[in-house]
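Read-outs: derived from the displayed coordinates by stated rules, not from any lab. Computed from a predicted structure; not experimentally measured. All Cβ positions, glycine included, derive from the backbone under ideal geometry; neighbour counts span all protein chains shown.
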Amino acid sequence: METTNTKTSYAYTSLKLTKPFSATTLCTNRINQLFCADWDGGTGNLNTLSVGTNQWNNLGGAFKSEINQICADGLGNIYVVGDQNATDQYVIKVFNVKTNLWSTLTDANGVEISHANPINFVCVDEANNVYYTGNFEVNNEVCVMMFSAQTRQCSPIAGGNFGLAITKLCINSAGSLYASWTDNNNNFYINRWGGSWISVNFGNTLNLSTFTIDNQENIYLVSDNKVYTTKYPATELIDMNANLPDFTGTQINYIYHNEGILYVAGFGFEAGSANTSCYVFVYNNGAWSEITPSDINANYQTTIKDLISYVGNNKNVLVSASNSTVYDGKSLIH
């Protein structure tokens with residue numbers, strides 16, 4: 001399957017899950033192994049892609065809840081958040097690719113790190129410290145938690161002053177941690193931590209919904225059908241002229257930056273309709289191209305679940321969808 005236009009071309013391989021599960025969240029580790037969580041409405045598992053066969057290998061996990069996010073460190077660990085333990089506390093599950101064993105994240109005393117409410121986001125820095133957040137408070141405050149790889153102690157990063165729940169958490173290779181949230185007046189904030197917190201309010205006029213970052217502190221933000229950029233912490237946004245599809249009903253977008261290339265994927269509903277329309281766009285060499293997989297809209301109720309990119313043979317893009325498929329797009333060189 002190939003998507004082609006005059007700007008950029010991508011050839012897609014459809015990586016089907018072995019069971020009719022929804023492909024959910026994605027990640028890749030530092031040696032470009034690919035991982036995907038799945039979910040059928042009652043149980044789920046972690047999968048890794050077998051090199052050479054393009055088949056998903058089920059790693060287990062027996063998740064009781066739909067997984068919110070997965071990420072990898074440099075030690076062979078995959079961190080899985082959103083699931084529960086035997087006492088229905090929300091925990092961080094860990095799969096080690098070297099030993100093929102599951103565990104939960106525990107502190108230096110062997111005590112399982114857990115919360116009464118869901119953990120939604122997790123990321124890891126270059127020193128293998130783990131950062132996470134979710135629908136919980138510590139000392140009556142919304143916060144980001146940091147698990148130190150050196151001391152194996154977990155503590156909140158104080159001073160974020162998040163008014164409401166965090167909507168996205170990510171970190172760049174320079175070690176700057178970013179977290180977005182929206183207040184009761186729909187103002188969109190991005191807080192940055194690099195030893196101390198600063199907070200930037202991007203206002204409520206553009207209906208901003210998500211963001212990503214690069215290693216030069218450039219921020220890329222998405223509204224319904226627009227993409228904007230600025231140098232953090234500046235608030236003057238530059239329209240990147242993306243012209244994404246626009247819908248009269250609900251619209252969900254995902255955005256990811258990798259080595260100078262920006263990807264945006266999403267889906268939307270028209271008001272009063274249950275049918276969806278999915279799309280994928282790439283920004284490269286100063287131009288936007290639509291690179292939507294040709295069969296992703298064959299089922300008119302397919303939704304996109306996640307978007308990442310990794311440096312494979314040709315800077316691949318990965319898009320997971322509710323039709324039991326991960327689309328692996330390879331950039332074609334002309």
If Val124, Val200, Val111 are placed from fewest to most neighbouring beta carbons inside 10 Å, the sequence is Val111, Val200, Val124
Two decimals is fine: what is log10 I(q)/I(0) at q = 0.22, 0.24, 0.31 Å⁻¹ for segment 260-308, from a Debye sum with one equal scatterer on every Cα and no solvent? -0.79, -0.88, -1.16
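Determine the dipole magnitude for the chain: charges of +1 sit on the beta-carbon of Lys and Arg, -1 on that of Asp and Glu, nothing else is charged, the reference point is the Cα centre, and the result goes in debye to the nearest 20.
Working: 15 positive and 26 negative charges, 115 e Å.
In debye, rounded to 20, the chain gives about 560.
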In the chain, if the dipole is taken from +1 on Lys/Arg beta carbons and -1 on Asp/Glu beta carbons about the Cα centre, which of Ile171, Ile31, Leu46 is farthest to the positive end? Ile31
Per residue and in cubic angstrom, what volume does the convex hull of the Cα atoms of segment 53-105 have? 98 Å³
Largest-first ellipsoid semi-axes for segment 126-183, taking √(5λ) over the Cα gyration tensor eigenvalues, angstrom: 20, 14, 8
Quick one: 3J(HN,Hα) in Hz for segment 280-293, Karplus 6.51/-1.76/1.60 with θ = phi - 60°, rounded, Gly and Pro as x. 9, 10, 10, 10, 8, 6, x, 9, 8, 9, 7, 10, 5, x
Over segment 11-97 - Rg/Rh using Cα atoms and the Kirkwood inverse-distance radius: 0.96
Using Stokes-Einstein with the Kirkwood hydrodynamic radius over Cα pairs, what translational diffusion coefficient do you get for the chain at 20 °C and a viscosity of 1.002 mPa s, in µm²/s rounded to a whole number? 105 µm²/s
Rank the residues Val122, Val142 as a footprinting-exposure proxy: fewest other Cβ atoms within 10 Å of their Cβ go first. Val142, Val122
Candidate aspartates and glutamates - alpha carbon under 19 Å from Lys305, same-chain residues fewer than 8 apart omitted: Asp38, Asp40, Glu66, Asp83, Asp224, Asp246, Glu270, Glu290, Asp295, Asp328
If Leu208, Leu15 are placed from fewest to most neighbouring beta carbons inside 10 Å, the sequence is Leu15, Leu208
Rank-order 34-40, 84-90, 289-295, 218-224 by packing density, defined as the average count of other C-beta atoms within 10 Å over each peptide's residues, highest first. 34-40, 218-224, 289-295, 84-90
Can you pull the percent of Cα pairs in segment 146-226 with separation above 14 Å? 64 percent
Determine the equivalent ellipsoid of segment 277-334 by diagonalising the alpha-carbon gyration tensor, then write out the semi-axes as square roots of 5 times the eigenvalues, largest first, rounded to whole Å. 21, 13, 9
Quick one: if you stick a label point 7 Å off each Cα along the C-beta vector at Asn128 and Val111, how many nm between them? 2.3 nm
Output for segment 187-229 (equivalent-ellipsoid semi-axes, sqrt of 5λ from the C-alpha gyration tensor, Å, descending) is 20, 13, 6
What number of lysine-lysine pairs in segment 18-251 show an alpha-carbon separation below 25 angstrom, given a sequence spacing of 8 or more or placement on distinct chains? 8
Please compute, for the alpha-carbon atoms of segment 205-292, the extent along each of the three principal axes and give them in descending order in Å. 42, 29, 17
